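Q: Quick one: structure below, then a few questions.
The values are calculated or read from the model by the stated rules, or taken from the named source; none is laboratory data. Keep in mind the model is a prediction, meaning the values are calculated, not measured. Here Cβ is always computed from backbone atoms with ideal geometry, including for glycine, and neighbour counts include all displayed protein chains.
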Amino acid sequence: MKFSASASALLLSGLAVAAPLTEKRMEAKARRATSGRHSNFPYAVGTNEKLVLTNTTKEEYSSNWAGAVLIGTGYTSVTAEFVVPTPSAPSGGSSSTQYCASAWVGLDGDTCGTAILQTGIDFCVQSGETSFDAWYEWYPDYAYDFSGITISVGDTIKTTVTASSKSAGVATVENVSTGKTVSHSFSGESNKLCEYNAEWIVEDFESGSSMVPFADFGTVEFTGAEATHSGSTVGTSGATIMDIEQSNTVLTSSSASGNTVTVKYT
């Protein structure tokens, strides 16, 4: 997400008259604007090196990704719904620290090394206050926030990305609970998709050059998890399962069956 210097200055100038909760959210927006929130390829545990998956039933561990990844060729769309969780500070965490996580669907996050087309929501908590942002991203560009959509704990969110070519596509977020839908179209992207992967992921995303403190998100269950593969609709069968491991501790437990991917914070 990017703002002009004047826009950022205007945003910050309003903090003095904002209500406490609004102020926290505006401060969070300002941090996102200046630090450059973005997703990344999955990292091998304990490194900043990309973890390249193989099409296997063996569970894989990453520093930043949990969920399920389909590997092959000809993936052009992916979708799912999930209920917005209540994020909280992890056990032993500080209430004054902002903890976050992100749930998203995407194309080409792993065995393609050039781009990711993705969309989802971030959920954060700080000092007991939660905040949520819906976003779209054609990695390696930063993520950009959708405007005109509100998100609350317990809302059902449907996320979809569709590639019309390897350099164009659409990202859509629908708040099923409120009936609001937002979308963004990409075209002429220089970093091209490979159409090798479809994924349903909970991520410890990056702000600036480091991962954010990871929130306890409870459970994210992606339902209606489907992908378009060579023109046909498929579920999660054959997907590689991923879980997050940080500082020698496994933080998530993921599974996939039929059209459901479940990611639990452990």
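Q: Of the numbered conditions (1) surrounded by fewer than 16 Cβ atoms within 10 Å (Cβ to Cβ); (2) more than 24 Å from residue 215 (Cα to Cα), residue 184 fails exactly one; give the number of that condition.
A: Unmet for residue 184, out of (1) surrounded by fewer than 16 Cβ atoms within 10 Å (Cβ to Cβ); (2) more than 24 Å from residue 215 (Cα to Cα): (1).
Q: For the range 192-212, which positions are of a type in the set (Asp, Glu), in a loop (DSSP other than H, G, I, E, B) and within 13 Å of the chain's Cα centre (by Cα)? Talk me through it step by step, then tell me what you get.
A: Just the residues of the range 192-212 that are of a type in the set (Asp, Glu), to begin with: 195, 199, 203-204, 206.
Still in the list and also in a loop (DSSP other than H, G, I, E, B): 195, 204.
Passing the criteria: only 204.
Q: Could you please let me know if residue 236 is part of a loop (DSSP other than H, G, I, E, B), in contact (Cβ under 8 Å) with a residue 60 or more places away in the chain and crowded, with 17+ Cβ neighbours inside 10 Å?
A: On the way: part of a loop (DSSP other than H, G, I, E, B): yes; in contact (Cβ under 8 Å) with a residue 60 or more places away in the chain: yes; crowded, with 17+ Cβ neighbours inside 10 Å: yes.
Yes; evaluated as a whole, the condition is true for this residue.
Q: Take the range 247-258 and flag every residue that is surrounded by fewer than 17 Cβ atoms within 10 Å (Cβ to Cβ) and in a loop (DSSP other than H, G, I, E, B).
A: 247, 248, 258
Q: Those residues that are assigned to a strand (DSSP E or B), free of Cβ contacts under 8 Å to residues at least 24 places away in the same chain and over 17 Å from the mean Cα position of the chain (by Cα), I need them from the range 166-180; list them, please.
A: Hit for the range 166-180 is 168, nothing else.
Q: Same structure, new question: State yes or no: is residue 207 at pLDDT 95 or above and either farther than 23 Å from residue 107 by Cβ or in contact with a helix residue (DSSP H, G or I) (Cβ under 8 Å, 6 or more places away or on another chain) (or both)?
A: No: the conditions fail for residue 207.
A quick yes/no check of all residues on (1) in a strand (DSSP E or B); (2) modelled with pLDDT of 95 or more; (3) within 18 Å of residue 78 (Cα to Cα); (4) out of contact with any Gly (no Cβ under 9 Å at 6 or more places or on another chain):
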| position | (1), (2), (3), (4) |
| --- | --- |
| 104 | yes, yes, yes, no |
| 110 | no, no, yes, yes |
| 118 | yes, yes, yes, no |
| 131 | yes, yes, no, yes |
| 142 | no, no, no, no |
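Q: Restricting attention to the range 151-161, does a residue exist that is touching a Gly at 6+ places or on another chain (Cβ under 8 Å), in contact (Cβ under 8 Å) with a residue 60 or more places away in the chain, under 23 Å from residue 52 (Cα atoms) and part of a strand (DSSP E or B)?
A: yes
Q: Just the residues that are more than 20 Å from residue 192 (Cβ to Cβ) and of a type in the set (Gly, Ala, Ser), please, taken from the range 35-84.
A: Result: 35, 36, 44, 46, 62, 63, 66, 67, 68, 80.
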